[in-house]
Each structure stands twice: as C-alpha cells, then as structure tokens.
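I have placed the structure first, in the form of structure tokens, so that the comments after it can refer back to it.
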Amino acid sequence: MASSHIRTIEAHVSDIMWVRVRQEAETVVRSEPALASFIYASIIAQPSLESALTYRLASRLAGAVSAELLHQFMGETAFGDPHIRRAMRLDILALLDRDPASSSAMEPILYFKGFHALQTHRVAHSLWKSGRKDLAYYLQDKASEVFQVDIHPAVPIGGGMFIDHATGIVIG
C-alpha cells in the first residue's frame, strides 16, 4: 500500500514539474519571439517532460542515427524506466537548488550540456543493463563528442546529480 501511495505522489510531482516547464516555455515565447519556433518544437509541442528531453537530446546527438530514431528509442527507454523518470526530475531539482545561476526548470532541458550528458548517460546505462551495449556505446560516444563528457554506460549514477559546465569530465 505504501509503495502505491509513493508512486501516486511521484506521479503528481512529475506532473507539477511538467506544468512548470511548460509555463516557463510559454513565458519565453511571449518575451523572446525569436526563440518561439525552437521553444514550441522542443517543449510546447511535446506531450511530456520525457518527450521534451528526448526530443532535445535527439536533436543534439543526431548523426549516423537520425534524430527521429533517437527520439523514438530514447523516449521508449526513458518512458519505460521509472528510475530514469524519477532521476531526471531529481536532477532538475538539484540544479535549481544548487546552481545560483539557474532559476528555471526549462533551462537544463534546453541548454545545459552537463544535464544533457547526464540524461544521455541514464538512457545509455538502461540500454547497457538490458544488453543493448552497441547502442549504449553509440550514445556514450556521441555524448562525449557533443557534450565533452564521457561516462561509461556501465556506471550507475543516482538521482539528484548536477554536473556544472561539464567540459572534460570522464567517469568510468
């Protein structure tokens, strides 16, 4: 009984985080029209926090694998793993709590490469655990190239992490 109550509370908190991100996005669209199409595609047009994040990650990591395919399998991995969904939200809260330069839950989703590297790692780690090591290595390689952060997919990392600036970090 207690665990179903906790899942209900976490689902409600998840919804609150998504509502906050969407409200922040709508504010940016009104105040900075030059970013409207970017914000709309990345946040407002997405059905969930997970979809917004995987859309943004896929657009940054596309290469040999298309952005559409990356968005699809990263989304399936993130949506299918409750630990990823929870950790992502805890990471956003950690950033808001510990980074005095950040006041928006939307900012890490759109702009912060340390956050992007960490979330890409979470997907790669999930793939690694399920035996999809080649795809996990692909994500590790692309994250290292794009975000300049190299985290081996076998490394478990708990929620509530925040990697500030992130350039040149190697974990593994």
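The values are calculated or read from the model by the stated rules, or taken from the named source; none is laboratory data. Since the model is a prediction, treat every value here as computed from it, not as a measurement. Every residue, glycine as well, gets a Cβ built from its backbone with ideal geometry; the counts of neighbours run over all protein chains shown.
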Looking only at the stretch 76-94, decide whether some residue is of a type in the set (S, T, N, Q), closer than 24 Å to Thr167 by Cβ and surrounded by 16 or more Cβ atoms within 10 Å (Cβ to Cβ). no
Restricted to the stretch 54-70, and to residues that are assigned to a helix (DSSP H, G or I) and aliphatic (A, V, I, L, M), which residue is surrounded by the most Cβ atoms within 10 Å (Cβ to Cβ)? Leu57
When residues of the stretch 130-172 are limited to those that are of a type in the set (S, T, N, Q) and either touching a Leu at 6+ places or on another chain (Cβ under 9 Å) or under 22 Å from Thr77 (Cα atoms) (or both), the one surrounded by the most Cβ atoms within 10 Å (Cβ to Cβ): Gln140
Is it true that Lys113 is charged (D, E, K, R) and either touching a residue at least 60 places away in the same chain (Cβ under 8 Å) or within 20 Å of Met17 (Cβ to Cβ) (or both)? no
Inside the stretch 96-116, can you point out the residues that are touching a helix residue (DSSP H, G or I) at 6+ places or on another chain (Cβ under 8 Å) and either surrounded by 24 or more Cβ atoms within 10 Å (Cβ to Cβ) or aromatic (Phe, Trp, Tyr) (or both)? Pro108, Ile109, Phe112, Phe115, His116
Only one of (1) assigned to a helix (DSSP H, G or I); (2) modelled with pLDDT of 95 or more; (3) buried (at least 22 other Cβ atoms within 10 Å of the Cβ) does not apply to Gln46, and that is (1)
Test Thr8 against the stated conditions and say whether it is at pLDDT below 90, of a type in the set (Ser, Thr, Tyr) and either assigned to a helix (DSSP H, G or I) or over 21 Å from Gly159 (Cβ atoms) (or both). yes
Among (1) modelled with pLDDT of 95 or more; (2) under 11 Å from the mean Cα position of the chain (by Cα), Arg85 falls short only on (1)
Out of all the residues in the stretch 95-147, which are assigned to a helix (DSSP H, G or I) and over 20 Å from Ile171 (Cα atoms)? Leu96, Asp97, Arg98, Met106, Glu107, Pro108, Ile109, Leu110
Test: residue in the stretch 112-127 that is at pLDDT 95 or above and either over 14 Å from the mean Cα position of the chain (by Cα) or among the acidic types (Asp, Glu) (or both): yes
Check Thr120 against each of (1) surrounded by fewer than 23 Cβ atoms within 10 Å (Cβ to Cβ); (2) of a type in the set (S, T, N, Q); (3) in contact (Cβ under 8 Å) with a residue 40 or more places away in the chain and name the one condition it does not meet. (1)
Qualifying positions in the stretch 32-43 - more than 21 Å from Met17 (Cβ to Cβ) and either of a type in the set (Gly, Ala, Ser) or outside any helix (DSSP H, G or I) (or both): Glu32, Ala34, Ala36, Ser37
